[in-house]
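In what follows, a structure is listed as structure tokens, so that the remarks can point back to it.
What follows is calculated from the coordinates using simple rules that are stated; it is not laboratory data. This is a predicted model, so every value here is computed, not measured. FYI the Cβ positions are ideal-geometry reconstructions off the backbone, even for glycines, and counts take in every protein chain you see.
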């Protein structure tokens, strides 16, 4: 007798994605789909895809979807959720989309306490357009538009979105996790599940930043990329819950 | 009949309300009406005004070069709008705040001490209603009873103002009749 | 319902609610502020209603995208500079075939311009609202009553064509008070919004609200699908008004919106002097009633276009006439409203065979 111990979540479409080997998008997509399945909300979930590597996310989930313009996913999600508060709405955004061009939209959505969920993939680089510098690019990191390394005297320091958003007074769930190891992936799942649960309970704005790998644009093998998160990103981007609606925060 | 009015004064003198009550009275009598406020930088420069047209016929241009009636509640308004009254038109001057007049001979010039009368009635802010009463007596643009009804309805939520404004309009009307 | 005295902006806002508009997203800008102010009071009283002041016009347009995408009736309003900021979102909305209603109470431009009435956004509304092969249906009211009526129609037209519809007014229409009657509209039969992203239950294809087509053949297909709708609008939705066109006239005025009503006074005044002048007023600016204008121009020796711009609709007038009649143009802009006397002066010149002043 054989037993199914691992299968594709219902909310994940049975298609081949365009993501590169070793990229974290696939992992986070799966986690989101598992949460949708486990909460039984597939039939009322609507996703909002960004412009960036996950621009085609609408092909990868078995739920209704929007494709938003660059950076505006929180505004689109606001419109959808305000029009139909019974829907479960999530925006899925990368770092260029969310922390650069879409900075106003994410800050104001968070500050209004919009009751949807944002999954924020931070891989410190513009992926789709070919590895340009992002607002989250690390000091000294070489990209196609910072060939001498990010110079913080010219460009400033990488923007820490969780810290920035959790400084707002409005209630919210703000957490940073990482997808670089099985243990952290399990924690990522926990945080994303919590975010969706809070949305289902109509509690507050929910935001999970996931530190993610981009082996292609980092010029690394996947294992090296995972190591980079651990060694280079974690000291600057601490993991943990920065804010939760009952007031507790636990930074690691 | 078509009555064109520009009523002008300081911000706070109630000239927009003067115009609105005339327009509402016209509407009550099933006439065509239009009311346009001055807005924007013009509002900050000392005078506030609105244009009202009340007519038996459909109203084309709401912009009036030379209105057939002008009411001025302060001196800058006299300077600005006095010259624009059309020939044979009416210029009504609030003599409480304006100690001069227009030197035009082709128009009818009338005065009403609107602020003094309003103060006599207990509240200087009703000067606009004194002027409105006088204006109706002079122009017959609408029936005076209609104006009184509009005053009653418009202040329905602030009953304490009804009697004052009615009295002010009546005094203005009697004075100019 | 009895007539009430209302500002154009407020009448239009109430009409939107009567048309079933549930949501408004916008950002303050003069001279349309009475619309958001009115709706911030009224929409919370409506079942499922939501008024939200967005952080910018950029965000507002994308909130429209979200709300229209789940199938609700949604409105925004702004003025030139704000509409420019909405361009991006409106292009996505058009590409994704979403019905929304946008009001532009035009002020003088370019740039920050001024806050007084103008008609200088005609090109933007009819040709350049955003990137890509798209147009929007543009309705131009000339009275407060018409503004209210057209807003109600705009929601039906948007749903019918799955397209943004713009109501193009100006500061004058917005600020003016006139009597208005809110007529209960007959319900128009509209196709159900099966395309809306309301949750995938397996009983239809997944709804994906999208304007991205990486396959050029698919993108071309989408562009021609939109074009077919614009052609259908041109066939079925043209609106225009003729004034004093029954008899003979040497001069036919073309004007829209506020300018057209000023021209009506011109016509009445000239009539008293024994001079007959016609007026052609397009109500739909896109699609433009080309043939109807050409027909009305048959009796005229000259077609005289008057605008509160330096000459934008004039292009459409020339396209309509196809060179069959000479045109003259008179425009005031920057917030200056042409007066009847000014326009009469120009018509007298035309009748004498002289060139009109450019302004």
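Calculate log10 I(q)/I(0) of region B:2-176 for q = 0.11, 0.14, 0.19 Å⁻¹, where I(q) comes from the Debye formula with a single equal point scatterer on each Cα and nothing for solvent. Once normalised to I(0) and log-transformed, intensities are -0.40, -0.66, -1.28. Of all the options B:134, B:167, B:156, the one that moves most in a Gaussian network model of chain B with Cα springs shorter than 10 angstrom is B:156. Scattering from region C:131-237 was approximated by placing one identical point on each alpha carbon and applying the Debye formula without solvent; log10 I(q)/I(0) at 0.13, 0.16 1/Å stands at -0.67, -0.91. Centre-to-centre separation between the Cα atoms of region A:1-71 and those of region A:140-161: 31 Å. Taking other C-beta atoms within 10 Å as the exposure proxy, C:359, C:162 rank C:359, C:162 from fewest upward. The C-alpha atoms of region A:64-122 occupy a region whose extents along the principal axes are 30, 25, 17 Å, arranged from largest to smallest. Each of A:16, A:55, C:303, B:130 was scored by other Cβ atoms within 10 Å of its Cβ. Arranged with the fewest first, they read A:16, A:55, C:303, B:130.
For region A:25-251, what proportion of DSSP beta bridges, expressed in % and rounded to the nearest 5, is antiparallel?
Counting only bridges with both partners in region A:25-251, antiparallel ones make up about 20 percent.
If R0 is taken as 30 Å, the Cβ-Cβ distance between residue C:41 and residue B:10 corresponds to a FRET efficiency of 0.55.
Rounded to the nearest 500, the helix-only mean residue ellipticity at 222 nm of chain A stands at -8500 deg cm²/dmol, with each DSSP H run of n ≥ 4 adding -39,500 (n - 2.57).
Quick one: of the DSSP bridges fully inside region A:133-252, what percent are antiparallel, nearest 5? That works out to approximately 45 percent antiparallel. Based on the Stokes-Einstein relation at 10 °C and a viscosity of 1.306 mPa s, and on the Kirkwood radius from alpha carbon pairs, the protein assembly as shown is assigned a translational diffusion coefficient of 54 µm²/s.
Restricting the calculation to Cα atoms, region C:242-351 shows an Rg/Rh of 0.92 when the hydrodynamic-style radius is the Kirkwood one. Panel note: the C-alpha atoms of region C:1-60, placed on their principal axes, show extents of 38, 28, 16 Å (largest first). Here the Debye sum runs over all C-alpha atoms of region B:108-177 as equal scatterers in vacuum, and log10 of I(q)/I(0) at q = 0.13, 0.18, 0.21, 0.25 Å⁻¹ comes out as -0.31, -0.59, -0.79, -1.06. When each of B:104, A:176, A:112 is scored by the number of other beta-carbon atoms lying within 10 Å, the sequence from fewest to most is B:104, A:112, A:176. Share of pairwise Cα-Cα distances greater than 18 Å in region A:1-146 is 57 percent (whole percent). For peptide C:14-26, the mean count of partner chain Cβ atoms within 10 Å of a residue's Cβ comes to 1. Here the relative contact order of region C:4-236, from alpha carbon pairs under 8 Å that lie six or more residues apart, stands at 24 percent. In chain B, the DSSP-assigned H stretches of four residues or longer account for a calculated mean residue ellipticity at 222 nm of -12500 deg cm²/dmol, using -39500 (n - 2.57) per stretch and the full residue count as denominator.
With Cα atoms defining each centre, region A:84-111 and region B:6-27 are spaced 48 Å apart in the structure. FRET efficiency for residue B:153 and residue C:187, Cβ-Cβ distance as r, R0 = 30 Å, nearest 0.05? The value I calculate is 0.35. Over region A:121-198, all Cα pairs binned in 10 Å intervals from 0 give whole-percent P(r) values of 17, 35, 33, 15, 0, listed from short to long.
Among C:316, C:156, C:215, the largest mean-square fluctuation in a Gaussian network model of chain C (Cα springs under 10 Å) belongs to C:215. Using C-alpha pairs below 8 Å separated by at least 6 residues, the relative contact order for chain B is 21 percent. With contacts taken as Cα pairs under 8 Å and at least 6 residues apart, region C:242-351 reaches a relative contact order of 31 percent. Structure remark: mean-square fluctuation, Gaussian network model of chain C, C-alpha springs under 10 Å; the largest value among C:144, C:167, C:251 belongs to C:251. Each DSSP beta bridge with both residues in the protein assembly as shown is either parallel or antiparallel, and the antiparallel ones are about 30%. Per the Kirkwood formula applied to alpha carbons, region C:3-111 shows a radius of gyration over Rh ratio, Rg over Rh, of 0.95. Summarising the overall dimensions of chain A from its C-alpha atoms, the Rg and Dmax are 17.1, 64 angstrom.
Dividing the Cα radius of gyration of chain C by 2.2 N^0.38 Å, with N the residue count, gives 1.00.
For chain C, the longest principal axis of the alpha carbon atoms and the long axis of helix C:257-272 meet at an angle near 20°. Inter-part distance, region C:200-264 to region B:121-177, computed on C-alpha centroids, equals 50 Å.
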